[in-house]
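Visitor: Okay, here's the structure, questions in a sec.
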Amino acid sequence: MTTVFSTAFSTAFSTAARRTSHWWRRAAAALAIATAGLHAATLGEHAAASPMVGLVTVAMILGCLYCAGHLWTRGSQRDWGLVALMNVGMIALHLTVMSPGSGGGHHGHTMHAAASAPMGQSLSAPMAAALATAALEAVVAVTVLFYRSRLDQPPT
């Protein structure tokens with residue numbers, strides 16, 4: 001059973017990576033647009049906490065839209081690599097900034113990462129959605145890059 005699932009999963013992603021089907025690219029672009037929307041939803045809160053954090057949030061909105069545009073139209077290795085890098089970076093930054101030892105939680109608020117939060121405290125719904133979306137985007141991008149790089153190698 002595991003072999004059948006593994007083969008089906010491998011075949012689905014290798015086919016997608018080989019051609020980087022426009023459906024995979026457009027699904028990833030839609031996720032990037034959703035992430036931009038989540039950043040836009042938190043812009044007021046972030047800008048109120050710190051003008052610098054507000055500027056970084058605007059930069060992230062623009063970065064998400066930049067990646068979405070490139071994935072929608074072409075989906076090159078560079079585009080997929082940038083998506084993977086930005087999403088892993090976003091997850092690392094948020095988990096680092098939100099950790100209890102960083103000086104007070106998420107962007108100066110009293111929110112803590114779910115893994116280290118005491119009972120009764122957890123991530124806000126938008127933050128949980130943003131981290132889940134970033135994780136999904138990163139997994140898709142790394143998978144496409146993995147299969148593309150494997151297909152580019154000469155047979156041994």
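The values are calculated or read from the model by the stated rules, or taken from the named source; none is laboratory data. For clarity, every value in this text was computed on a predicted model and none was experimentally measured. Please note: Cβ atoms are built from the backbone with ideal geometry, for glycine as well, and neighbour counts cover all protein chains shown. Calculation scope for accessible area: heavy atoms of the full protein, side chains included, ligands and nucleic acids excluded. Shrake-Rupley method; radii C 1.70, N 1.55, O 1.52, S 1.80 Å.
Visitor: Within the stretch 45-56, restricting attention to residues that are within 21 Å of the chain's Cα centre (by Cα) and either open to solvent by 50 Å² or more (accessible area, probe 1.4 Å) or basic (Lys, Arg) (or both), which residue is modelled with the highest pLDDT? Before you say what the answer is, go through the steps one by one.
Guide: Residues of the stretch 45-56 within 21 Å of the chain's Cα centre (by Cα): 45-46, 53-56.
If we keep only those that are either open to solvent by 50 Å² or more (accessible area, probe 1.4 Å) or basic (Lys, Arg) (or both) as well, we get 45, 55-56.
Numbers: 45: 81, 55: 91, 56: 87.
Filtering first and then ranking leaves 55.
Visitor: Among 82, 71, which is the only one that is surrounded by fewer than 22 Cβ atoms within 10 Å (Cβ to Cβ) and assigned to a helix (DSSP H, G or I)? Talk me through it step by step, then tell me what you get.
Guide: On the way: 71 fails: surrounded by fewer than 22 Cβ atoms within 10 Å (Cβ to Cβ).
Result: 82 is the single residue among 82, 71 that is surrounded by fewer than 22 Cβ atoms within 10 Å (Cβ to Cβ) and assigned to a helix (DSSP H, G or I).
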